[in-house]
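The block underneath contains the structure these notes are about, expressed in structure tokens.
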Amino acid sequence: MVEIEAQPDAAPTQMATRGVPLNVAGVATRTAPTDLSVEQPELVFDCREIGVRYNGVRALRDVNLQIRRNAVTALIGPSGCGKSTFLRCLNRMNDLIPGAEVDGVCLYHDEDLYGPNIDAIEVRKRIGMVFQKPNPFPKSIYDNIAFGPRVVGLKDHLDDRIEEALRRAALWDEVKDRLKEGALSLSGGQQQRLCIARALAVEPDVILMDEPCSALDPISTAAIEDLMTSLKTDYTVVIVTHNMQQAARVADTTAFFSTDQGETGTRCGVLIEVAATEKIFTKPENERTEAYVTGRFG
Amino acid sequence: MAANTNLPLRDRSTALIHGRKRTGERVVIGTLASAAIVSILVTIGIVLALLGPSLEFFRDVSLGEFFTTTTWAPLFTPPRYGVVPLLTGTLSTTFWACVICLPLGLGSAIYLSEYASRRVRAAVKPVLEVLAGIPTVVLGYFALTFLTPLLRSIGWQVDIFNAFSAGVIIGVLLLPTVASLSEDAMKAVPSSLREGSFGLGANRFQVSTRVVVPAAVSGIAASMVLAVSRAIGETTIVLIAAGQLAQTTLMPGDAVETMTAFIAATGSGDVSVGTIAYKTIFAVGLTLFVITLALNIVAIRMVRRFREVYE
Amino acid sequence: MNAANRTASTAAANAVASSLVGRRQRSVGARLFLFYLVFSTGFGLVALAVLLGTILVDGLPFLDLTLLTGAPSSNPGMAGARPAILASIMVAIVLVATALPLAVATGVYLEEFAPRDRWWIRLIELNIQNLAAIPSIIFGILGLAFLVRGLGLGPVLLAGALILGLQMLPTVIIAAREALRAVPASVRQGGMALGATRLQVVWREVLPAAIPGIATGSILGLSRAVGETAPLLMVGAATFVSYNPGLLTQYTVLPILIYQWMRLPQADFQGLAAAAIIVLLALLIAMNGFAIWMRNRHERKW
């Protein structure tokens with residue numbers, strides 16, 4: 001039968017000899033882009049007038065949002081206001097939903113993500129996603145993490161890559177002796193960290209998290225929130241959360257979404273206000289933001 | 001959480017996000033798609049195979065004569081091409097098959113779905129599946145060598161080949177099909193309906209007959225229509241046990257010839273290609289195909305309606 | 001409360017209590033219904049038991065080495081079923097090599113890659129559902145028409161196996177699709193979010209998870225094909241072949257041999273037919289058992 005191999009992204013000689021900047025602790029920072037001749041831009045995403053329609057019905061409109069590098073950006077708001085829909089725009093996951101149309105411009109490091117030549121598969125290798133309900137593959141822990149590297153063509157040093165991914169996801173100590181056991185035998189919180197490790201193994205630039213803790217108990221939630229804070233050193237993190245307090249705890253920037261009456265009278269998601277987290281929660285400019293964060297409506 | 005700096009990084013410069021041709025993948029998916037085309041080709045082949053000789057046949061024998069004459073004697077002189085005896089033969093065996101498989105299949109399904117404990121169900125279901133998997137030639141043997149002598153020994157002087165024995169055994173063959181499809185339909189009824197009824201004080205008999213079966217009726221009906229279609233299309237059992245005497249009769253004890261038995265007997269016989277007698281195979285085949293096609297479409301529609309309600 | 005009230009309320013309480021306690025009385029209707037249900041279920045079980053019993057009683061006396069190793073002959077004492085047994089096994093092998101991969105490939109395409117809303121996809125699906133319910137004799141007619149006129153293969157084993165394969169296709173396609181559908185969508189989403197192509201996700205994660213279901217459906221289709229008689233009668237599975245069959249030789253399979261033996265006048269041939277039935281059933285049990293064993297080995301407990 002045919003073995004499906006992915007093409008390696010570049011010749012091996014290019015890889016190890018680039019001048020990857022080291023931070024103070026001597027740890028390699030894994031941030032994109034790798035073109036060092038230009039000063040690295042602050043913005044990872046620059047979204048202008050982003051909107052989404054499902055089968056012609058508008059679900060989200062006019063979102064203008066910028067995501068900064070090495071920070072945690074939280075998207076908060078009541079249910080049904082398009083936060084997850086917007087998140088899926090950032091890594092082209094809306095492509096997988098039949099009838100979904102995205103309009104507006106989403107620049108990722110100054111590249112239009114929805115441009116004519118853009119390969120969505122490559123986009124997702126750089127912008128990873130963790131879902132609300134942990135979804136490990138029905139295989140061993142090892143094979144779960146190894147999936148990404150194998151598919152991307154990083155077959156060498158697989159054991160090392162897996163160890164590193166699990167360390168970064170704060171799961172290594174708990175599973176290092178049972179890598180060959182089934183992933184579904186882990187607890188909910190561990191499975192979610194496994195999914196994070198799985199995403200990290202592909203060496204992304206950005207990690208998107210869609211309500212990653214809503215299916216977990218408080219202790220696992222706390223562990224993952226700590227993880228988010230440590231991940232932002234090396235990655236850019238965008239999370240959607242229902243839990244305002246979570247946003248207050250972990251996010252640097254917070255964006256508040258809500259709903260408006262749309263063009264045809266149907267409810268449609270809009271971005272109300274985006275600012276530094278502290279400002280959103282203490283001195284919001286928009287009265288709807290204030291109503292939400294003070295709990296007057298939810 | 002020390003990072004291992006020795007691992008070669010992926011080259012992630014943004015220039016790479018421009019489109020890559022994945023031709024290997026396209027080839028594989030194209031191959032898979034062509035596999036799907038095969039199924040269309042099969043149907044086209046069947047239709048062509050049936051239509052060609054049938055149209056030639058109906059140029060020589062009028063449709064009226066075909067469907068109204070009550071004698072079927074294509075190899076005699078003078079030949080008679082009335083399909084009515086074959087139709088009554090099929091009707092007779094199918095009728096007795098339905099008498100067995102429809103009520104008893106439904107009864108088994110209700111019992112397994114609503115009454116039986118988990119242990120009983122776990123024990124009985126595999127056994128019924130075994131019954132469904134018995135090759136038809138084995139059932140034909142059973143009809144001829146066990147059932148017919150049995151009937152004769154209790155006083156009913158059936159012919160050695162008769163419609164009743166074949167029909168009953170076809171019913172036995174199809175009982176598991178009706179049972180399992182009906183049971184699926186009943187299992188799909190939400191348990192909240194049952195619980196609500198029990199909560200109102202109904203007993204199991206009332207819940208089964210007044211709540212569950214009516215809720216599952218389109219799935220149950222679909223299973224019955226499918227069973228009828230398969231009874232009509234059954235060949236081996238009738239070939240062995242019903243006979244090859246094409247006579248227009250509905251008496252269960254008489255020997256009959258069904259459409260399927262005629263096709264099988266003539267097709268494996270010595271009739272020469274291109275003669276009218278040869279073309280009768282296709283004409284009768286076309287009739288059979290149209291009847292079962294109509295029933296299948298009805299059944300498929302019913303299944304779709306039942307699925308829509310619950311999915 | 002005065003004494004009268006107390007007695008009344010106690011009596012009322014007792015009445016309620018006694019109506020709740022006590023054995024449930026089934027109405028006559030409910031009892032008859034239960035009898036009908038048990039009778040229905042028992043009927044199938046009893047029928048199977050009697051069937052197997054009859055076969056064993058009739059066939060065991062004739063089950064000997066000659067049956068398994070000899071060739072058909074007009075003398076019942078020397079008749080054997082070896083060429084038919086070999087042919088049935090060879091047919092099964094051909095089916096596993098041709099029809100099975102084709103059916104699984106079609107199922108994978110329709111379930112994972114085909115665009116959902118095009119009319120021609122709906123047509124293919126409807127067509128497959130219909131093909132699954134077409135009488136087997138029609139496939140015999142298909143074989144007759146295209147073998148005698150079309151391909152010119154003649155009444156050889158390969159042709160018969162291909163016809164059975166075509167008949168088997170829809171069942172296995174439908175079973176494969178059900179098995180693939182049972183793999184949760186979250187697996188596919190998770191895989192694609194990691195930057196894998198759809199083909200990579202299907203090949204590496206979805207298909208392996210669906211293999212147990214596909215195996216079950218395949219074995220069902222295969223068993224039915226090995227037990228078929230009607231289509232092969234139409235494509236000339238010759239009756240008394242005494243040599244070991246090859247792909248391109250004439251042949252007969254076990255079900256057809258059984259059928260032909262039953263039509264012979266000598267009483268001994270009826271017994272031989274029953275014995276051959278035992279062999280056929282044993283072959284089917286072996287095939288099913290093998291498939292179940294393979295499925296269990298693959299299905300590790302996560």
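Scanning the stretch B:113-135 for residues that are assigned to a loop (DSSP other than H, G, I, E, B) and either surrounded by fewer than 17 Cβ atoms within 10 Å (Cβ to Cβ) or not aliphatic (A, V, I, L, M) (or both) returns B:Ser117, B:Pro135. When the stretch B:51-74 is examined, which residues are found to be touching a residue at least 60 places away in the same chain (Cβ under 8 Å) and loosely packed, with under 13 Cβ neighbours inside 10 Å? Passing the criteria: only B:Asp60. Please verify whether the stretch B:144-162 includes one or more residues that are of a type outside the set (A, V, I, L, M, F, W, C), within 14 Å of another protein chain (Cβ to nearest Cβ), buried (at least 18 other Cβ atoms within 10 Å of the Cβ) and free of Cβ contacts under 8 Å to residues at least 60 places away in the same chain. Checking the stretch B:144-162: at least one residue is of a type outside the set (A, V, I, L, M, F, W, C), within 14 Å of another protein chain (Cβ to nearest Cβ), buried (at least 18 other Cβ atoms within 10 Å of the Cβ) and free of Cβ contacts under 8 Å to residues at least 60 places away in the same chain. Scan the stretch A:264-283 for residues that are within 17 Å of A:Lys83 (Cβ to Cβ) and either loosely packed, with under 14 Cβ neighbours inside 10 Å or more than 25 Å from the chain's Cα centre (by Cα) (or both) and report the count. Total meeting the criteria: 1. Can you spot a residue in the stretch C:126-144 that is over 20 Å from B:Leu288 (Cβ atoms) and assigned to a loop (DSSP other than H, G, I, E, B)? Taking every residue of the stretch C:126-144 in turn, none turns out to be over 20 Å from B:Leu288 (Cβ atoms) and assigned to a loop (DSSP other than H, G, I, E, B).
Could you say which residue among B:Ala49, B:Ala36, B:Ala73 is under 30 Å from C:Val108 (Cβ atoms), at pLDDT below 90 and not charged (D, E, K, R)?
B:Ala36
Please go through the stretch A:90-135 and pick out each residue that is within 13 Å of chain C (Cβ to nearest Cβ), among the aliphatic types (A, V, I, L, M) and part of a loop (DSSP other than H, G, I, E, B). Scanning the stretch A:90-135 gives a single hit, A:Ile97. Please identify the pairs in which a residue from the stretch C:112-125 that is touching a residue at least 12 places away in the same chain (Cβ under 8 Å) has its Cβ atom under 6 Å from the Cβ atom of a residue that is surrounded by 11 or more Cβ atoms within 10 Å (Cβ to Cβ) and in a helix (DSSP H, G or I), counting only partners at least 6 apart or on another chain. From residues that are touching a residue at least 12 places away in the same chain (Cβ under 8 Å), the pairs are C:Glu112/C:Val202; C:Phe113/B:Ile29; C:Ile124/B:Ala36.
Screening A:Arg61 against (1) within 22 Å of A:Glu225 (Cβ to Cβ); (2) away from every other protein chain (no Cβ under 14 Å); (3) surrounded by fewer than 23 Cβ atoms within 10 Å (Cβ to Cβ) leaves a single unmet condition, (1). Looking across the stretch B:104-128, just one residue is under 24 Å from B:Pro252 (Cα atoms) and facing chain C (nearest Cβ under 7 Å), and that is B:Leu104. Residue by residue through the stretch B:250-278, note down the ones that are of a type in the set (D, E, K, R) and crowded, with 24+ Cβ neighbours inside 10 Å. Result: B:Glu257, single match.
Screening B:Thr209 with (1) within 11 Å of chain C (Cβ to nearest Cβ); (2) crowded, with 18+ Cβ neighbours inside 10 Å gives one miss only, at (2).
Is it the case that some residue within the stretch C:189-198 is of a type outside the set (Asp, Glu), touching a residue at least 60 places away in the same chain (Cβ under 8 Å) and either facing chain B (nearest Cβ under 10 Å) or more than 14 Å from B:Ser39 (Cα to Cα) (or both)? Yes: the stretch C:189-198 contains one or more residues that are of a type outside the set (Asp, Glu), touching a residue at least 60 places away in the same chain (Cβ under 8 Å) and either facing chain B (nearest Cβ under 10 Å) or more than 14 Å from B:Ser39 (Cα to Cα) (or both). None of A:Arg178, A:Arg193, A:Arg150, A:Arg167 is out of contact with any strand residue (DSSP E or B) (no Cβ under 7 Å at 6 or more places or on another chain), under 19 Å from C:Gly191 (Cβ atoms) and surrounded by fewer than 22 Cβ atoms within 10 Å (Cβ to Cβ) except A:Arg150. Filtered by the rule that a residue be crowded, with 24+ Cβ neighbours inside 10 Å and more than 10 Å from every other protein chain (Cβ to nearest Cβ), the stretch A:136-147 gives A:Ile141, A:Ile145.
Of all residues in the stretch C:88-102, those satisfying the criterion of being more than 8 Å from every other protein chain (Cβ to nearest Cβ) and touching a residue at least 24 places away in the same chain (Cβ under 8 Å) are C:Ser88, C:Ile89, C:Met90, C:Val91, C:Ala92, C:Val94, C:Leu95, C:Val96, C:Thr98, C:Ala99, C:Leu100. Count of the stretch C:239-268 residues, restricted to those that are outside any loop (DSSP other than H, G, I, E, B) and either buried (at least 19 other Cβ atoms within 10 Å of the Cβ) or within 13 Å of another protein chain (Cβ to nearest Cβ) (or both), is 11. Take the conditions surrounded by fewer than 21 Cβ atoms within 10 Å (Cβ to Cβ), in a loop (DSSP other than H, G, I, E, B) and of a type in the set (S, T, N, Q) and apply them to A:Thr221. Does it pass? No, not satisfied. For the residues B:Ala277, B:Ala246, B:Ala283, B:Ala265, the requirement of being farther than 21 Å from B:Val172 by Cα and touching a strand residue (DSSP E or B) at 6+ places or on another chain (Cβ under 6 Å) singles out B:Ala246. Set side by side, the residues A:Glu211, A:Glu203 differ, and just one is under 15 Å from the mean Cα position of the chain (by Cα), buried (at least 22 other Cβ atoms within 10 Å of the Cβ) and on the phi > 0 side of the Ramachandran plot, which is A:Glu203. Take C:Ile211 and tell me if it is touching a Gly at 6+ places or on another chain (Cβ under 6 Å), among the β-branched types (Val, Ile, Thr) and more than 8 Å from every other protein chain (Cβ to nearest Cβ). It is false that C:Ile211 is touching a Gly at 6+ places or on another chain (Cβ under 6 Å), among the β-branched types (Val, Ile, Thr) and more than 8 Å from every other protein chain (Cβ to nearest Cβ). A single member of B:Leu174, B:Leu151, B:Leu181 is closer than 21 Å to C:Thr229 by Cα and outside any loop (DSSP other than H, G, I, E, B), and it is B:Leu174. Here B:Val42 meets each of (1) modelled with pLDDT of 90 or more; (2) surrounded by 23 or more Cβ atoms within 10 Å (Cβ to Cβ); (3) within 8 Å of chain C (Cβ to nearest Cβ) with one exception, condition (2).
The values are calculated or read from the model by the stated rules, or taken from the named source; none is laboratory data. Keep in mind that this is a model prediction, so the values were computed, not measured. Every residue, glycine as well, gets a Cβ built from its backbone with ideal geometry; the counts of neighbours run over all protein chains shown.
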